[in-house]
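Visitor: Can you read through this structure? Questions will come right after.
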Amino acid sequence: MIRESRVSSIDWLSLSLYLILMLLGWVMIYSAVYDENHSSIFDMSQRYGKQLLWIILSLFLGAVILMIDAKFFNVFAYPIYTFVMLMLVGVLLFGSTIAGSKSWFQIGGFAIQPAEFAKFATALALASYLGKLNRDLSLWKTRLTAFAIIGLPAVLILAQYDTGSALVFTVFILVLYREGMSGALMVIGGIAAFLFVLTLYFGQWYVIGGLAVLFGISLLMIRRNRSNITKMLAILVVGVAFVFSVDYAFEKILEPHQRTRINVLLGLEKDLMGAGYNLNQSKIAIGSGGFTGKGFLQGTQTKYNFVPEQSTDFIFCTVGEEWGFIGTTAVILLYLLLLSRLIILAERQRSAFSRIYGYGIASVLFFHFAINIGMTIGLVPVIGIPLPFISYGGSSLWAFSIMFFVFLKQDANRLNIL
């Protein structure tokens, strides 16, 4: 008979980090959109008041999840995944367009974004599929099924013109790698991304010339037999073909605003009042904070609305301006500590489902954390994804909270689940 875990079985370090980040986010939202006419942080007419409501509801959802049998999420993983996929189809048919993306169900003054919950559903379905006995990722059938589980929501979200949310699903490849898939695919993906950037920056003929030089050097270093020369020649041909495809993909596949953001990031284009405005103001805000910051509610870039989306995608700017290098470092360390703890918890699971699911949510959390902070300081293009637990928004906070508490439940019951 399976015994339900007690309160003492909950990993309180993870829960404490979650609560600290969530409360920090509430305070930062208050500072980012502070209104002297609505100075109470509990004012429900303002974003900070609404965020408090989302926090309370998130904690309620977490409490409900902790009371549910831990096996429920494995048993109902596919129905949950199917339901969320139907929501993604439904939003394409009946959804509302906000900020250029048809990603929202609008019900009165309330909006919900199914794409946020798709990450949770995909982590569940992938864990349920790979967690079955004898799932061998060296087999193409297993790989293709896993890629289909990951790719379906990504394609549906791309159809909503929400590229940022769709890109999140690429991080599930880390889960597949942990479960035994060869790292060759990640290496190839990394090389392709590197060649893509080099081609945009230097031009295709310079990059092709560089590949030819590398090919020549390789011939001098390897044993020159027919097999090795054929392999190296094949790699060169594929590389040259990819480089030739970059311009077409850049011009025909990416949207104009996406091309401009990449050009601005690479320094190929200056558009300080257009596509580059957000990034420029973000860097000014963070840089102006210096080492210790300007102080709580003292951020001028924030107070005079120079930084767009300062309570959502660019909330990290508020931390940087008001709390400086010390504050931003503290926030980054909190995330790194939470990520490290989630990985430790995932590794100690006795069931494959719980371990894979744990790696799934850790991967999604890492992608959001790294990309959101990276785009505010100019390391990656601006793709519009929130900072987990800190950015304003009910859908994001609920989805991440559900993901987190389901894993917390799995860990609390790890001795009873096989």
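The values are calculated or read from the model by the stated rules, or taken from the named source; none is laboratory data. Since we're looking at a predicted model, the values are computed, not measured. Reconstructed Cβ throughout: ideal geometry from the backbone, glycine too, with neighbour counts over all protein chains shown.
Visitor: If you check Ala111, Ala159, which single one turns out to be in contact with a strand residue (DSSP E or B) (Cβ under 7 Å, 6 or more places away or on another chain), more than 17 Å from Val364 (Cβ to Cβ) and assigned by TED's automatic domain parsing to the domain that holds Phe353? Steps first, answer last, please.
Guide: Numbers: Ala159 fails: in contact with a strand residue (DSSP E or B) (Cβ under 7 Å, 6 or more places away or on another chain).
Of the residues listed, the single one that is in contact with a strand residue (DSSP E or B) (Cβ under 7 Å, 6 or more places away or on another chain), more than 17 Å from Val364 (Cβ to Cβ) and assigned by TED's automatic domain parsing to the domain that holds Phe353 is Ala111.
Visitor: Residues of the stretch 228-240 being farther than 16 Å from Ile191 by Cβ and surrounded by 13 or more Cβ atoms within 10 Å (Cβ to Cβ), which ones?
Guide: Passing the criteria: Asn228, Ile229.
Visitor: Among the residues of the stretch 136-159, is any assigned to a loop (DSSP other than H, G, I, E, B), under 30 Å from Leu93 (Cα atoms) and polar (S, T, N, Q)? Before you say what the answer is, go through the steps one by one.
Guide: If we filter the stretch 136-159 for residues that are assigned to a loop (DSSP other than H, G, I, E, B), which is where we start, we get 136-139, 159.
Restricting the remaining residues to those that are under 30 Å from Leu93 (Cα atoms) gives 159.
Next, from what is left, pick out any that are polar (S, T, N, Q): none.
No, because not a single residue in the stretch 136-159 is assigned to a loop (DSSP other than H, G, I, E, B), under 30 Å from Leu93 (Cα atoms) and polar (S, T, N, Q).
Visitor: Is there any pair linking a residue in the stretch 84-98 that is without any contact (Cβ under 8 Å) to a residue 24 or more places away in the chain and farther than 15 Å from Thr122 by Cβ to one that is of a type in the set (A, V, I, L, M) and surrounded by 12 or more Cβ atoms within 10 Å (Cβ to Cβ), with Cβ under 8 Å and at least six apart or on different chains, and which?
Guide: Matching pairs, first to second residue: Ser96/Ala111; Ile98/Ala111.
Visitor: What residue, among those in the stretch 376-386 that are crowded, with 20+ Cβ neighbours inside 10 Å and in contact with a Lys or Arg (Cβ under 9 Å, 6 or more places away or on another chain), is nearest to Ser282 (Cα to Cα)?
Guide: Thr376
Visitor: Cβ contacts < 7 Å: first residue modelled with pLDDT under 85, restricted to the stretch 190-203; second residue in a helix (DSSP H, G or I), any location; separation 6+ or different chain. Result?
Guide: Pairs found: Tyr201/Leu266.
Visitor: Quick check, is Ser401 surrounded by fewer than 23 Cβ atoms within 10 Å (Cβ to Cβ), in contact (Cβ under 8 Å) with a residue 40 or more places away in the chain and closer than 28 Å to Ile149 by Cα?
Guide: Values: surrounded by fewer than 23 Cβ atoms within 10 Å (Cβ to Cβ): no; in contact (Cβ under 8 Å) with a residue 40 or more places away in the chain: yes; closer than 28 Å to Ile149 by Cα: yes.
Answer is no for this residue.
Visitor: Oh, and also: Of a type outside the set (Ser, Thr, Tyr), surrounded by 12 or more Cβ atoms within 10 Å (Cβ to Cβ), free of Cβ contacts under 8 Å to residues at least 12 places away in the same chain and outside the structural domain of Phe369 (by TED's automatic domain parsing), is that true of Asn225? Steps first, please.
Guide: On the way: of a type outside the set (Ser, Thr, Tyr): yes; surrounded by 12 or more Cβ atoms within 10 Å (Cβ to Cβ): no; free of Cβ contacts under 8 Å to residues at least 12 places away in the same chain: yes; outside the structural domain of Phe369 (by TED's automatic domain parsing): yes.
The answer is no for Asn225.
Visitor: Hey, another quick one. Filter the stretch 153-173 down to residues that are under 8 Å from the mean Cα position of the chain (by Cα) and farther than 16 Å from Met87 by Cβ and give me whichever is surrounded by the most Cβ atoms within 10 Å (Cβ to Cβ).
Guide: That would be Val168.
Visitor: From the list Leu211, Leu220, pick out the single residue that is touching a Leu at 6+ places or on another chain (Cβ under 7 Å) and either part of a helix (DSSP H, G or I) or under 26 Å from Met87 (Cα atoms) (or both). Please lay out each step first, then the result.
Guide: Values: Leu220 fails: touching a Leu at 6+ places or on another chain (Cβ under 7 Å).
None of the other options fit; the residue is Leu211.
Visitor: May I pose another question? What number of residues within the stretch 164-186 satisfy the criterion of being in a helix (DSSP H, G or I) and at pLDDT below 85?
Guide: Start the filter on the stretch 164-186 by keeping residues that are in a helix (DSSP H, G or I), which leaves 164-178, 184-186.
With at pLDDT below 85 added as a condition, the list becomes 184-186.
Selection size over the stretch 164-186: 3.
Visitor: Which strands (runs of 3 or more DSSP E) sit wholly inside the stretch 13-122 and have at least 3 residues that are touching a helix residue (DSSP H, G or I) at 6+ places or on another chain (Cβ under 7 Å) and crowded, with 16+ Cβ neighbours inside 10 Å? Please lay out each step first, then the result.
Guide: On the way: elements: 96-98, 101-107, 110-112.
Once the strands (runs of 3 or more DSSP E) in the stretch 13-122 are filtered for at least 3 residues that are touching a helix residue (DSSP H, G or I) at 6+ places or on another chain (Cβ under 7 Å) and crowded, with 16+ Cβ neighbours inside 10 Å, what remains is 101-107.
Visitor: Which numbered condition in (1) under 30 Å from Leu176 (Cα atoms); (2) in contact (Cβ under 8 Å) with a residue 12 or more places away in the chain; (3) loosely packed, with under 15 Cβ neighbours inside 10 Å is the only one that Leu336 fails?
Guide: Result: Leu336 passes all but (2).
Visitor: Of the residues Ile383, Ile390, which is touching a residue at least 60 places away in the same chain (Cβ under 8 Å), aliphatic (A, V, I, L, M) and more than 19 Å from Val171 (Cα to Cα)?
Guide: Working: Ile383 fails: more than 19 Å from Val171 (Cα to Cα).
Selected residue: Ile390, the only one of Ile383, Ile390 that is touching a residue at least 60 places away in the same chain (Cβ under 8 Å), aliphatic (A, V, I, L, M) and more than 19 Å from Val171 (Cα to Cα).
Visitor: Right, next: What number of residues in the stretch 313-326 are surrounded by fewer than 21 Cβ atoms within 10 Å (Cβ to Cβ) and closer than 15 Å to Trp26 by Cα? Let's see the steps before the verdict.
Guide: The initial filter retains those residues of the stretch 313-326 that are surrounded by fewer than 21 Cβ atoms within 10 Å (Cβ to Cβ), namely 324-326.
Okay, now just the ones that are also closer than 15 Å to Trp26 by Cα, so none.
Residues in the stretch 313-326 being surrounded by fewer than 21 Cβ atoms within 10 Å (Cβ to Cβ) and closer than 15 Å to Trp26 by Cα: 0 in total.
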